[in-house]
Amino acid sequence: MSDVTSSAFQAQASARPGRRDIGIAKRYAAERRFRAYGVAAILTGVFFLAVLLWTVVSNGYTAFLQTTITLPITFSEKVIDPKNERADNPQKLMAANYPLLVRDALIQELGIDANDRAKVKLATDMISASARTQLRDIVVANPQVIGQTLPVAILAEGNIDSANKGQIDLKADEANRKVKNQQLAWMDQLREKGALTKQFNTGLFTFGASSRPEAAGIGVAALGSFYMMLIVLVLALPIGVAASIYLEEFAPKNRFTDLIEVNINNLAAVPSIVYGLLGLAIFINFAGLPRSASLVGGLVLTLMTLPTIIIATRAALKAVPPSIRAAALGLGASKMQTIFHHVLPLAMPGILTGTIIGLAHALGETAPLLLIGMVAFVVDYPGSPLEPSTALPVQIYMWANEAERAFVERTSGAIMVLLVFLIVMNLGAILLRRRFERRW
Amino acid sequence: MSASFLFLLVLLIGFGAYFMAHSRAVAAAGGRSVSLHSLPGYHGAYAAIWAILPAALILAIWSAVAPSVIERDVRFSLPTEVLQQGAAPVELAMGQVRSVARGLPLLSDTERSALETGTLDVRAALAAKGVALAGDTQPYMIKSAQMLNSLSATSSLAMTAVVLVVSVLGVFLSLRSVSLRFRARNRVERIILFALVLASSIAILTTIGIVGSMLSEAIRFFQSVSPASFFFGTVWDPRFAAAGSTASAGQFGLLPLLSGTLYIAFVAMLFAVPVGLFAAIYMSEYASPHVRAVAKPLLEILAGIPTIVYGFFALVTVGPFLRDISAELNGLVTGNYTNFIQAQSVLTAGIVMGIMLIPFVSSLSDDIITQVPRSLRDGSLGLGATRSETIKRVVLPAALPGIVGALLLTASRAVGETMIVVLAAGVAARMQLNPFEPMTTVTVKIVNQLTGDLEFTSPQTLVAFALGITLFTITLCLNIYALYIVRKYREQYE
């Protein structure tokens, strides 16, 4: 109601002294205010959601591109294997001076005098130190390349990458900048030649931990997370369903089942870090399982996910109408047959929805994994769940503690990957529910 | 034979037993399957269970116990002068023995004969095979290593034999019992029921495990630090006092951590409760189904985002934003552009945690408000109250107990939250009231004390379990009370 009408109403009220002013206008204003608070509250929530997602995406989308410098590398025999002993001792190829190859190619490309130490140093600083392993892998995989000249796309150093993406403030004083003017000039030179390009960053998905941002990736962490999800699925789903069937269909109503019930509800609300302490004390200290192994992580997350699955499964079993049970029993099925042949299949969509949501929760969980030693610098892919590994959210945590600009970008990129996984899982759960949900 | 291969073999036997029993049952029925008490499949399952279950149980127990028994025997075989040197040298020697035992099978025949005569440089020979030794071997180590290998081989052989015999015996006995009147279904179902009971007792076992493990480690902690100085100490400084001063009294004070935890949780609730509650009221009382269908999932996305992402958000966005805006404000008012809010502060952690808690408050309260019976609202509206008056005077008072329960559950989540505070609250353990300064929490210190190299005997690591049990107790009380209230409330309106 507008001011005009309310003042008109007041005028009318004063004109007719017989009518009591019962404060309708005030009450309606209060009503509107109350409603506005509600809208404001929802908008606040949505606003923060938008800011959060925007922060992640705006910081992170550049992580999917990586600056590379393509150089014609001459795999000179003089550098790699001067004494020609590779036939007898393949180890020689592992320890050869590969950075020298890159240096030679780069100074030739840029036209730098090899005796100008300062400039050569500045130029080689533009190349990621991971070039050594990159070239080594090429040579070890195919020793025939020795003696040939091949164009190789080499990762640019993290700061060069940031500068190429425009993330470094070039107006700052050169002394305070990680990227010098000379390097910027060279970058332009390389860019004109078409050597310096931004490419899709496959390394982000395949590399493991590294102290150099350009060579750091989430591949190893994702495999660790995958192992853990597998363990959680294999253990938590059958155990959770079995427990729910007993509690919902068989358990007599007594003190003991009441206790289990309270227990499960309480376990669902226990802080996740407590599960980490449990895992450390029981699985690692008592049972002697290896630290940092995804097996232990999987077991801890299983215990953490069980209550969620049990609660969802019980709700799904409860939703199956008693007439189904009565019909099966009436036809002579045993109670066990009734449940396993009729009730459980009908409850399955609900159970799977709960399981997927539980898994999504477990996938994003970090705190318990920190305590069982998964904050580890793992470079190689774990071959089995018993080997040291790390997990996607733990990798994010470790990168979040790094100061470099390039790591902020990768942290956000990794978060985007994690969020995509979670969105896919949750959408899957929603679709499953939509598709198979039955209203009896 | 390795344990996993043996297990596979047992599974295979069980598989075979299923089909054997199945066909026996069919044969016993002689074409009239109605005359069987149980379907052939149940006879098969019964045989398979007998083939697999006992054998797998023996296999599991044997694999768990045998290595430690063998290890003990080998340890006693070490020369007495080594055993008298104390625990550390014995451990060292055992480590050598284990490495040598791993390397011995790799040696060639000539090397082995050289070993017999004692002329072999064991360390060099094993290093060439890829087994690195920490030091030179003594003759007794070689003997012990050989003993270790032969004992392991014997144990493995015996285990294989026992497991296979038990499995085959199971098949044999169960096949004999296949007959028309045999109640295989009832027996199989009883075993299934037992498995179901076992699965549901895992919930209890988890709780017992949590309480038991944390309590035992915490008691070890309290042997070196008195409970009084832990629970009432006001200084948190886990480094031990300098040499000479014996006591570590007051170094492990809980109060600074607890006050930080409660303060941050309080700030978070201060932010989350009004927003969440109003959002819930609007969605349950005002919003059209259309708006509700959009707004509710949007808010629930907030609940699905991992807490590490919130921590990162606090670290790169909220913290720097608060710091910069405080500097601007300070400059506008006093002309001095220094920030009065730290990037890591109670306020930063509190606000971000509050954002995380909004969906908890709103969805829990939403459920509870919608449970208030329609008739109460109709009565109030019929008497001429506006909608907001109905909500304030009728719906909310009726829903109050449930809402209090929901808020307690939310508070327990705030107290136990880890990743946000690890990244946003700081590590400085101090007691103060300024929300713009960093404080630390119980969970942050648990993480700090337990990451890095661990030694499970020092109070520095054991204190984490004492902190853990404190945290568990607090959240347990909040949860149980909240669940009790919510349950009671639900019964009232059902």
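Regarding segment B:179-193, can at least one residue be identified that is under 30 Å from A:LEU371 (Cα atoms) and of a type in the set (Ser, Thr, Tyr)? There is no residue in segment B:179-193 that is under 30 Å from A:LEU371 (Cα atoms) and of a type in the set (Ser, Thr, Tyr).
Which of the residues that make up segment B:116-169 are of a type in the set (Val, Ile, Thr) and in a helix (DSSP H, G or I)? If the condition is that a residue be of a type in the set (Val, Ile, Thr) and in a helix (DSSP H, G or I), then B:THR117, B:VAL122, B:ILE142, B:THR154, B:THR160, B:VAL162, B:VAL163, B:VAL165, B:VAL166, B:VAL168 are the ones that fit. If you check A:PHE377 against the conditions, is it among the aromatic types (Phe, Trp, Tyr), over 16 Å from the mean Cα position of the chain (by Cα) and not in a helix (DSSP H, G or I)? Judged against the criteria, A:PHE377 is a match. Which members of segment A:330-347 meet the condition of being free of Cβ contacts under 8 Å to residues at least 12 places away in the same chain and out of contact with any Lys or Arg (no Cβ under 7 Å at 6 or more places or on another chain)? Residues satisfying the conditions are A:GLY330, A:LEU331, A:GLY332, A:ALA333, A:MET336, A:GLN337, A:PHE340, A:PRO345.
Within segment B:278-292, restricting attention to residues that are in a helix (DSSP H, G or I) and among the aliphatic types (A, V, I, L, M), the residue that is farthest from the chain's Cα centre (by Cα) is B:VAL291.
Tallying residues that are without any contact (Cβ under 8 Å) to a residue 60 or more places away in the chain and more than 8 Å from every other protein chain (Cβ to nearest Cβ) within segment A:274-288 yields 2.
Highlighted here are the helices (runs of 4 or more DSSP H) found entirely within segment A:246-338 that include at least 2 residues which are under 20 Å from A:ILE357 (Cβ atoms): A:255-267, A:272-278, A:294-319.
Name the one entry in B:LEU376, B:LEU347, B:LEU364, B:LEU409 that is part of a helix (DSSP H, G or I) and farther than 28 Å from B:LEU258 by Cα.
Working: B:LEU347 fails: farther than 28 Å from B:LEU258 by Cα; B:LEU364 fails: farther than 28 Å from B:LEU258 by Cα; B:LEU409 fails: farther than 28 Å from B:LEU258 by Cα.
Unique residue meeting the criteria: B:LEU376.
Pairing each residue of segment A:51-71 that is more than 9 Å from every other protein chain (Cβ to nearest Cβ) and buried (at least 18 other Cβ atoms within 10 Å of the Cβ) with any residue that is of a type in the set (Val, Ile, Thr) and assigned to a helix (DSSP H, G or I), provided the two are 6+ apart or on different chains, yields C-beta distances under 8 Å for A:GLY60/A:THR411; A:GLY60/A:ILE415; A:THR67/A:ILE160; A:LEU71/A:VAL102. For B:ALA218, state whether it is surrounded by 15 or more Cβ atoms within 10 Å (Cβ to Cβ), within 30 Å of the chain's Cα centre (by Cα) and closer than 30 Å to A:LYS335 by Cβ. So B:ALA218 fails the test.
Regarding A:THR313, is this residue touching a helix residue (DSSP H, G or I) at 6+ places or on another chain (Cβ under 8 Å), β-branched (Val, Ile, Thr), more than 30 Å from B:THR470 (Cβ to Cβ) and in contact (Cβ under 8 Å) with a residue 24 or more places away in the chain? Spelling it out, A:THR313 is indeed touching a helix residue (DSSP H, G or I) at 6+ places or on another chain (Cβ under 8 Å), β-branched (Val, Ile, Thr), more than 30 Å from B:THR470 (Cβ to Cβ) and in contact (Cβ under 8 Å) with a residue 24 or more places away in the chain.
Applying the set (1) farther than 28 Å from A:GLY350 by Cα; (2) within 9 Å of another protein chain (Cβ to nearest Cβ) to A:PRO271 leaves exactly one unmet item: (1). Between B:LEU262, B:LEU332, the distinction of being at pLDDT below 90, more than 10 Å from chain A (Cβ to nearest Cβ) and assigned to a helix (DSSP H, G or I) belongs to B:LEU332 only. Screening B:TYR310 against (1) under 19 Å from B:ILE351 (Cβ atoms); (2) facing another protein chain (nearest Cβ under 7 Å); (3) among the aromatic types (Phe, Trp, Tyr); (4) touching a residue at least 40 places away in the same chain (Cβ under 8 Å) leaves a single unmet condition, (2).
The one condition from (1) in a loop (DSSP other than H, G, I, E, B); (2) farther than 17 Å from A:GLU404 by Cβ that A:SER210 does not meet is (2).
Restricting attention to segment B:308-358, the residues that are of a type in the set (Ser, Thr, Tyr), over 18 Å from A:VAL46 (Cα atoms) and touching a helix residue (DSSP H, G or I) at 6+ places or on another chain (Cβ under 9 Å) total 4.
Just to be sure I understand, how many residues within segment B:206-242 are more than 30 Å from A:PHE250 (Cα to Cα) and either of a type in the set (Val, Ile, Thr) or away from every other protein chain (no Cβ under 14 Å) (or both)?
22
When restricted to residues that are closer than 23 Å to A:ASN59 by Cβ and without any contact (Cβ under 8 Å) to a residue 24 or more places away in the chain, segment A:168-183 contains 8.
Is there any pair linking a residue in segment B:183-205 that is more than 9 Å from every other protein chain (Cβ to nearest Cβ) to one that is surrounded by 14 or more Cβ atoms within 10 Å (Cβ to Cβ), with Cβ under 7 Å and at least six apart or on different chains, and which? Partner pairs satisfying both residue conditions: B:ARG183/B:HIS37; B:ARG183/B:SER38; B:ALA184/B:SER38; B:ALA184/B:TYR42; B:ALA184/B:HIS43; B:ALA184/B:TYR46; B:ARG187/B:TYR46; B:ILE191/B:ILE49.
Within segment B:431-480, restricting attention to residues that are among the aromatic types (Phe, Trp, Tyr) and within 11 Å of another protein chain (Cβ to nearest Cβ), which residue is farthest from the chain's Cα centre (by Cα)?
So the first thing to find is which residues in segment B:431-480 are among the aromatic types (Phe, Trp, Tyr), and the list is B:436, B:456, B:465, B:472.
If we keep only those that are within 11 Å of another protein chain (Cβ to nearest Cβ) too, we end up with B:456, B:465, B:472.
Values: B:PHE456: 18, B:PHE465: 13, B:PHE472: 13 Å.
Among residues in segment B:431-480 that are among the aromatic types (Phe, Trp, Tyr) and within 11 Å of another protein chain (Cβ to nearest Cβ), the one farthest from the chain's Cα centre (by Cα) is B:PHE456.
Of all residues in segment B:279-292, those that are within 8 Å of chain A (Cβ to nearest Cβ) have Cβ atoms under 6 Å from Cβ atoms of residues that are assigned to a helix (DSSP H, G or I) and acidic (Asp, Glu), 6 or more apart or on another chain, in B:MET283/B:ASP366. Taken over segment B:293-306, the residue count meeting the criterion of being at the interface with another protein chain (Cβ under 7 Å from one of its Cβ atoms) and assigned to a helix (DSSP H, G or I) is 6.
Residues are listed down the side, and each one gets a yes or a no for (1) assigned by TED's automatic domain parsing to the domain that holds A:TRP399; (2) buried (at least 18 other Cβ atoms within 10 Å of the Cβ); (3) not polar (S, T, N, Q):
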residue: A:LYS193; (1), (2), (3): no, no, yes
residue: A:LEU196; (1), (2), (3): no, yes, yes
residue: A:THR202; (1), (2), (3): no, no, no
residue: A:LEU223; (1), (2), (3): yes, yes, yes
residue: A:LEU233; (1), (2), (3): yes, yes, yes
residue: A:ILE239; (1), (2), (3): yes, yes, yes
residue: A:ALA243; (1), (2), (3): yes, yes, yes
residue: A:LYS253; (1), (2), (3): yes, no, yes
residue: A:THR257; (1), (2), (3): yes, no, no
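Checking each residue of segment B:486-494 against the condition of being surrounded by 18 or more Cβ atoms within 10 Å (Cβ to Cβ), assigned to a helix (DSSP H, G or I) and modelled with pLDDT under 90 gives at least one match.
I'm checking my understanding of the structure. Among residues of segment B:481-493 that are in contact with a Pro (Cβ under 9 Å, 6 or more places away or on another chain) and not polar (S, T, N, Q), which one is nearest to the other protein chains (Cβ to nearest Cβ)?
Looking only at segment B:481-493, we keep the residues that are in contact with a Pro (Cβ under 9 Å, 6 or more places away or on another chain), and these are B:485-486, B:488-489, B:492-493.
Filter again for not polar (S, T, N, Q), leaving B:485-486, B:488-489, B:493.
Working: B:ILE485: 13, B:VAL486: 9, B:LYS488: 13, B:TYR489: 15, B:TYR493: 18 Å.
Applying the filter and picking the extreme gives B:VAL486.
Once segment A:217-252 is narrowed to residues that are of a type in the set (Ser, Thr, Tyr) and either closer than 15 Å to A:VAL300 by Cβ or out of contact with any Lys or Arg (no Cβ under 9 Å at 6 or more places or on another chain) (or both), the residue that is nearest to the other protein chains (Cβ to nearest Cβ) is A:TYR246.
Looking at segment A:190-197, can you tell me whether even one residue there is assigned to a loop (DSSP other than H, G, I, E, B), among the small types (Gly, Ala, Ser) and over 30 Å from A:SER384 (Cβ atoms)? Checking segment A:190-197: at least one residue is assigned to a loop (DSSP other than H, G, I, E, B), among the small types (Gly, Ala, Ser) and over 30 Å from A:SER384 (Cβ atoms).
The values are calculated or read from the model by the stated rules, or taken from the named source; none is laboratory data. Keep in mind that what you see is a predicted model, and the values were worked out from it rather than measured. Glycine gets a Cβ as well: all are built from the backbone with ideal geometry, and neighbour counts include every protein chain shown.
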